[in-house]
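Everything on this sheet refers to the single structure shown next.
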Amino acid sequence: MVLEEYSIYIDKIIGSKSFGNSTTYANLLRYLFRCTIEKNVPKETTIAAEIFGKNDFDPSQSTLVRVYVYNLRKKLDAYYRHEGEKDEKRIRIPKGGYAIAPTPRKKEPVHTSVSIGKKWGVSLGIALIASFLLNLYLASLEPNRPMVANNGLWADLIASELPKMLILGDLFIYNEHDTAIQLTRSIRDPSINSLEEFEAFRSSHTRTNTEIGPLSYTHLILGSAQWIKKLSEIFYSLNSNYTIRTMSRFNLKQLQDYDLMVVGMQKTLGVFKDFYGNSAIEYDAENDAFLYTEKEDGEVVFYKPSGDADSYHTDYGLMAKVPGPNNNTIYIFSGLWDTGATQSLKNFTDAALLSRTESQMRAEFGTLPKYYEVFFEVNGIDRMELSSKILHINKLEGPAKP
């Protein structure tokens, strides 16, 4: 089969709903297709320079190209499951390379009728296999072989006898009822992130024929599942456990009874948005940005995400350990977007990144400080973190803010 014959399908794929309206992915697909036809399949560094404008790209330090191509494969799969289901000629990007390969549509096998009992039997079998593999995986973690060292940044959390609580920053939503047309809808307003902010908004609400009120539930962002999974693996390896709360359900009375791990976008962290003193970092809620005060000259640097959160972008994250009000400890992992929050926690749970952070702290202070804040720049794509670098590490002293 001659690949040029498939060119008619490229624009069809790019224009499909399943592919999504992304110029970057469209350019990447056209570029790989053209290079393959010219028998000049590009390397990662070439793709980074030609598509992303990164002439100094280092594949050992960034997975940018691999993640983009991985997502491009998923977009092609989605297209062939929907709009392109009946396309006789298909293309794919085989794993391990960046060449476009033609592939004919698979002929559907002829099935004889299957009884309901057999169908349920297959489903049950799959479920049992999945359950077996999950339990095998959990057993392989071996609680007597902890995934983190007890002499590093996890030391106090491991040694503490207090119960542990994970608090997830959730998204506040409210109902709006249009009395004129009897239509009710749920609304997520990025500027409203707590019941207090909603009440302030409601007091100034002037739209006629509408009634607004808070809902009894909130939304968790996609990264929450990833945060819970990674922490659960580590706590299981420590033969320990923790309680989970959302920020909207967190009771301030619990502030002194637990060691707390707070994870989420900065604007969703409630009382923890501005919790501790002696910090060089301030959260600017109006602009959803971090302000960093330089130690040397007192200059204030403005950090705000750039790019498209659903494409390549830069975010900023914060990892901090601060004293609680009752000899307990509070760990904060946040970002302006969810990319930064995920990467901040990853620097605490990923062995290689944790070791890097500990090494930089020891180089800076000669030891691991009791309390600290680490400020990151994070590059990501499609709300997934790709790579990060530490911009600032500060030692924190003194009690938390009252």
Can you work out which of the residues in segment 177-208 that are modelled with pLDDT of 85 or more and farther than 26 Å from residue 270 by Cβ is most open to solvent (accessible area, probe 1.4 Å)?
182
Can you find a residue in segment 335-356 that is closer than 27 Å to residue 218 by Cβ, crowded, with 21+ Cβ neighbours inside 10 Å and of a type in the set (Val, Ile, Thr)?
yes
How many residues are open to solvent by 40 Å² or more (accessible area, probe 1.4 Å), modelled with pLDDT of 90 or more and acidic (Asp, Glu) if we restrict to segment 258-288?
1
Which one of these does residue 24 not meet: (1) farther than 15 Å from residue 312 by Cα; (2) outside any loop (DSSP other than H, G, I, E, B); (3) polar (S, T, N, Q)?
(1)
I need a count of the residues in segment 76-88 that are within 26 Å of residue 43 (Cα to Cα), touching a residue at least 60 places away in the same chain (Cβ under 8 Å) and open to solvent by 10 Å² or more (accessible area, probe 1.4 Å).
1
How many residues does segment 96-112 hold that are over 18 Å from residue 13 (Cβ atoms) and at pLDDT 85 or above?
1
Would you mind stating whether residue 164 is among the charged types (D, E, K, R), surrounded by 15 or more Cβ atoms within 10 Å (Cβ to Cβ) and closer than 19 Å to residue 340 by Cβ?
no
Only residues that are modelled with pLDDT of 90 or more and under 17 Å from residue 191 (Cβ atoms): list them for segment 289-316, please.
289, 304, 305
Name the pairs: first residue in segment 151-175 and touching a residue at least 40 places away in the same chain (Cβ under 8 Å) and among the acidic types (Asp, Glu), second residue open to solvent by 10 Å² or more (accessible area, probe 1.4 Å) and in a helix (DSSP H, G or I), Cβ to Cβ under 6 Å, at least 6 apart or on different chains?
170/247; 170/248
Residues of segment 17-47 being open to solvent by less than 60 Å² (accessible area, probe 1.4 Å), modelled with pLDDT under 90 and within 27 Å of the chain's Cα centre (by Cα), in sequence order, are 18, 19, 20, 22, 24, 25, 26
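The values are calculated or read from the model by the stated rules, or taken from the named source; none is laboratory data. These figures come from a predicted structure and were not determined experimentally. Using ideal geometry, Cβ is built from the backbone for each residue, glycine included, and neighbour counts are taken over all protein chains shown. Accessible surface areas use protein heavy atoms only, side chains included; no ligands, DNA or RNA. Shrake-Rupley method; radii C 1.70, N 1.55, O 1.52, S 1.80 Å.
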